[in-house]
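K.L.:
After the structure tokens below, expect a handful of questions from me.
The values are calculated or read from the model by the stated rules, or taken from the named source; none is laboratory data. Since we're looking at a predicted model, the values are computed, not measured. Heads up, the Cβs are rebuilt from the backbone with ideal geometry, glycines too, and the neighbour counts pull from every protein chain shown.
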Amino acid sequence: MPRIRKESTSALSVVWKIALYIRLSREDWKEEDKSDGRKGTKNASEGNIRDISKSIVEQQKMLEEYIETHFQEEYTVVDVYMDDGLTGTDDSRDNFQRMMEDVEAGKVNCIIVKTLSRAFRNYADQGRYLEQIFPRKGVRFIAIGNPFVDSFKDPDAIQSGMEIPINGLMNDRYAAKTSMDVRRTFDAKRRRGEFIGAFAPYGYIKNRDDKNRLLIDEDAAQVVRNIFSWFVNDGMSKIAIAKKLNELGIPNPTVYKCKVQNLKFHNGKNQVNDGLWGGNLILQMLTNEVYIGNMVQGRSRVISYKVHNSVKVPKEEWFIVPDTHEAIIDKETFSKAQLLHSRDTRTAPNKTHVYLFSGFLRCADCHKSMRRKAFKNYVYYYCRTKIDKGFCSKHTLREDKLIQAVLEAIQIQINLVESLVDTLNIINQNPAVKKQSIRLNGILKIREEELQKILTAADSLYLDWKNGYITKDDYLRMKANFDVNVDRLKETIEAVKDEINTMAKGVNSDDAYLTTFMKHKNIKTLERGIIVELIDTIYVHEGGQITIKFSFADELKRVADFIENNCLELTVIEKESVS
């Protein structure tokens, strides 16, 4: 702006180089929206460029009018420094810092604000700037509100008065209370599973009708599905997945938000984003429960309302609410990804895929992972403890023989599951199963009636003793017998209820662990995805024998027990029917 000269009232010829500082906090945005009767304002936190607020304009007009009306000295307005939507609890505001750089450069020697709280809501910062930094730099500070401050005309009000420090302390406490209120509100929303982030996780968008709910963004969601499939089914490493995405020209989440979704997104962790995927980013996605429909929030928090640095929060303190939105990845695939991540599945140098058995082979004796080594035309696995420490034994096994043995074992297991499925279909179609359920409910009713009779008799026994019809010794002896019978009946009732629940749940031939095996019914070759899906661990014994621990072992045992118990019960029912 051009320099304006007015008649000087001071003996010293001082040219005041004025900076107008204006700040509006996010809470002020909300109040402004309410006063306008609007339901909400599109702001930077939602990725939209927000127009300069009405209050910002009003602050500037107010400061300019003050200069025109009250400033008698020679001055020039250097610039207007605006921080819109930022807190005053620290000084790490872009335009505040730009103003201080101009102070250091000698471009500014007078700062004018509306009120003290526009510049400082931190009591310590207010004292440091007003009592140390500004006096040392020869900067005049003016706050035109209440209390009025002019460090040039009334320096004693700052140095020795009480009003300004007390006002600063009140502003500080107000900021503290506001911070606590906001945090409590956000925690309540987190506990309810409401999304409170500024930007939806990659693969999702915020619901336009309810910004606390997530909807699937199909384009990005397909990339997420590919990442999980490449990792779980194709055996690709995290680095290899990142390289493949980069080769395909797929933008990483930061670039996707900025360039495709047109959001005003800034990743604070990466000051410079090259648009490329990395292994750590793939890992974060593979372990994020948001992709199975769970809302996961509160993984980090700011230290305090004055210290805005974020710190990581232990997982047990996260806010995890299940089934709050539509899943991109099914829970079975997600579980496999966590299992593979926990295993030793490093790739060899210059390789993009992990080996077929990587992470699944262990020595049957020391339970350490087996080591892979190529020798001449064959590949061998051997115990790493023997080679590294001289203990255990080699447990050597050739890879081609291992592949054949595992393939045959899987085929046998699938045949077993197929026979179980056929038997289950017969059992579930047999009307005798329904008859057995009726029989169990009848037994339960009889036992409960017996228990009620004994409890009623025990109550009468107490009255007989009190009325003098029986002695205390008789009462204690008879009550002890009642207690034994009550305990026995309660155990019987619980056992019958458990059996009824088991019958009610039953086992259907379309249960997940059965269909998992059955979909590989015609398996001819061994693939990484099949091993991940069906096998937990392969133990290699001395001499080359193997033991395979299949996934769903407990579930399959329950199926077998169910079939065995029901076959026995059906036999009993049939004999009773004949007799």
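K.L.:
(1) in a loop (DSSP other than H, G, I, E, B); (2) surrounded by 14 or more Cβ atoms within 10 Å (Cβ to Cβ); (3) at pLDDT 85 or above: which one isn't true of ARG121, the others all being true?
P.N.:
The one condition ARG121 does not meet is (3).
K.L.:
In addition: Output the residue which, of all residues in the range 520-554 that are in a helix (DSSP H, G or I) and in contact (Cβ under 8 Å) with a residue 60 or more places away in the chain, is farthest from ASN226 (Cα to Cα). Show your work before the answer.
P.N.:
From the range 520-554, those in a helix (DSSP H, G or I) are 528-534, 553-554; that's our starting set.
From the residues that got through so far, the ones that are in contact (Cβ under 8 Å) with a residue 60 or more places away in the chain too are 528-534.
Working: ARG528: 16, GLY529: 14, ILE530: 17, ILE531: 19, VAL532: 17, GLU533: 17, LEU534: 21 Å.
It comes out as LEU534.
K.L.:
Determine which single condition CYS363 fails, assuming it passes every other condition in (1) modelled with pLDDT of 85 or more; (2) buried (at least 16 other Cβ atoms within 10 Å of the Cβ); (3) within 30 Å of LYS244 (Cα to Cα); (4) touching a helix residue (DSSP H, G or I) at 6+ places or on another chain (Cβ under 9 Å).
P.N.:
Of the numbered conditions (1) modelled with pLDDT of 85 or more; (2) buried (at least 16 other Cβ atoms within 10 Å of the Cβ); (3) within 30 Å of LYS244 (Cα to Cα); (4) touching a helix residue (DSSP H, G or I) at 6+ places or on another chain (Cβ under 9 Å), the odd one out for CYS363 is (3).
Yes/no matrix, rows are residues, columns are (1) part of a helix (DSSP H, G or I); (2) without any contact (Cβ under 8 Å) to a residue 40 or more places away in the chain; (3) surrounded by 15 or more Cβ atoms within 10 Å (Cβ to Cβ); (4) polar (S, T, N, Q):
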residue: GLY127; (1), (2), (3), (4): yes, no, yes, no
residue: LEU130; (1), (2), (3), (4): yes, yes, yes, no
residue: THR185; (1), (2), (3), (4): yes, yes, no, yes
residue: PHE195; (1), (2), (3), (4): no, no, yes, no
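K.L.:
Could I ask something else about it? Hey, does the range 137-146 have a residue that's free of Cβ contacts under 8 Å to residues at least 24 places away in the same chain, farther than 20 Å from GLN59 by Cβ and not in a helix (DSSP H, G or I)?
P.N.:
No, the range 137-146 contains no residue that is free of Cβ contacts under 8 Å to residues at least 24 places away in the same chain, farther than 20 Å from GLN59 by Cβ and not in a helix (DSSP H, G or I).
K.L.:
Mind listing whichever residues of the range 60-96 are under 47 Å from the mean Cα position of the chain (by Cα) and without any contact (Cβ under 8 Å) to a residue 60 or more places away in the chain?
P.N.:
GLN60, LYS61, ASP91, ASP94
K.L.:
Name the residue that is farthest from the chain's Cα centre (by Cα), counting only residues in the range 97-117 that are surrounded by 19 or more Cβ atoms within 10 Å (Cβ to Cβ) and assigned to a helix (DSSP H, G or I). Before you say what the answer is, go through the steps one by one.
P.N.:
Our first condition is that a residue be surrounded by 19 or more Cβ atoms within 10 Å (Cβ to Cβ); within the range 97-117, this holds for 99-100, 103, 108-114, 116-117.
Keeping just the survivors that are assigned to a helix (DSSP H, G or I) gives 99-100, 103, 116-117.
On the way: MET99: 39, MET100: 39, VAL103: 44, LEU116: 39, SER117: 36 Å.
Taking the candidates together, the pick is VAL103.
K.L.:
Can you find a residue in the range 160-183 that is assigned to a loop (DSSP other than H, G, I, E, B), touching a helix residue (DSSP H, G or I) at 6+ places or on another chain (Cβ under 8 Å) and crowded, with 21+ Cβ neighbours inside 10 Å? Spell out the reasoning first.
P.N.:
First pass over the range 160-183, keeping only residues assigned to a loop (DSSP other than H, G, I, E, B): 160-162.
Right, trim to touching a helix residue (DSSP H, G or I) at 6+ places or on another chain (Cβ under 8 Å) and you get none.
No, the conditions are met nowhere in the range 160-183.
K.L.:
Kindly indicate which of SER419, SER460 is closer than 30 Å to MET518 by Cα, loosely packed, with under 15 Cβ neighbours inside 10 Å, among the hydroxyl-bearing types (Ser, Thr, Tyr) and modelled with pLDDT of 65 or more.
P.N.:
Within the list SER419, SER460, the selection yields SER419.
K.L.:
Then there's this: Test each condition in (1) part of a loop (DSSP other than H, G, I, E, B); (2) over 16 Å from ASN288 (Cα atoms) for ARG190 and report the one that comes out false.
P.N.:
Checking ARG190 against (1) part of a loop (DSSP other than H, G, I, E, B); (2) over 16 Å from ASN288 (Cα atoms), the one that fails is (1).
K.L.:
Look at the range 463-475 and say how many of its residues are surrounded by 12 or more Cβ atoms within 10 Å (Cβ to Cβ) and assigned to a helix (DSSP H, G or I).
P.N.:
4
K.L.:
Does the range 425-438 include one or more residues that are surrounded by fewer than 17 Cβ atoms within 10 Å (Cβ to Cβ), of a type in the set (Lys, Arg) and modelled with pLDDT under 85?
P.N.:
Taking every residue of the range 425-438 in turn, at least one turns out to be surrounded by fewer than 17 Cβ atoms within 10 Å (Cβ to Cβ), of a type in the set (Lys, Arg) and modelled with pLDDT under 85.
K.L.:
Would a scan of the range 140-159 turn up a residue that is among the hydroxyl-bearing types (Ser, Thr, Tyr) and exposed (fewer than 15 other Cβ atoms within 10 Å of the Cβ)? First the steps, then the outcome.
P.N.:
First, the residues of the range 140-159 that are among the hydroxyl-bearing types (Ser, Thr, Tyr): 151.
When the remaining residues are screened for being exposed (fewer than 15 other Cβ atoms within 10 Å of the Cβ), the result is none.
The answer is no, given that none of the residues of the range 140-159 is among the hydroxyl-bearing types (Ser, Thr, Tyr) and exposed (fewer than 15 other Cβ atoms within 10 Å of the Cβ).
K.L.:
Looking at (1) at pLDDT 90 or above; (2) exposed (fewer than 12 other Cβ atoms within 10 Å of the Cβ); (3) in a loop (DSSP other than H, G, I, E, B), which one does GLU65 not meet, given that it meets all the others?
P.N.:
Looking at each condition in turn, GLU65 falls short on (3).
K.L.:
Also, quick follow-up: Output the residue which, of all residues in the range 540-579 that are under 35 Å from the mean Cα position of the chain (by Cα) and not hydrophobic (A, V, I, L, M, F, W, C), is modelled with the highest pLDDT.
P.N.:
Filtering the range 540-579 for residues under 35 Å from the mean Cα position of the chain (by Cα) gives 548-559.
Add one more test, that the residue is not hydrophobic (A, V, I, L, M, F, W, C), and what stays is 549, 551, 554-555, 557-558.
Values: LYS549: 88, SER551: 78, ASP554: 66, GLU555: 65, LYS557: 68, ARG558: 64.
Within the range 540-579, the match that is modelled with the highest pLDDT is LYS549.
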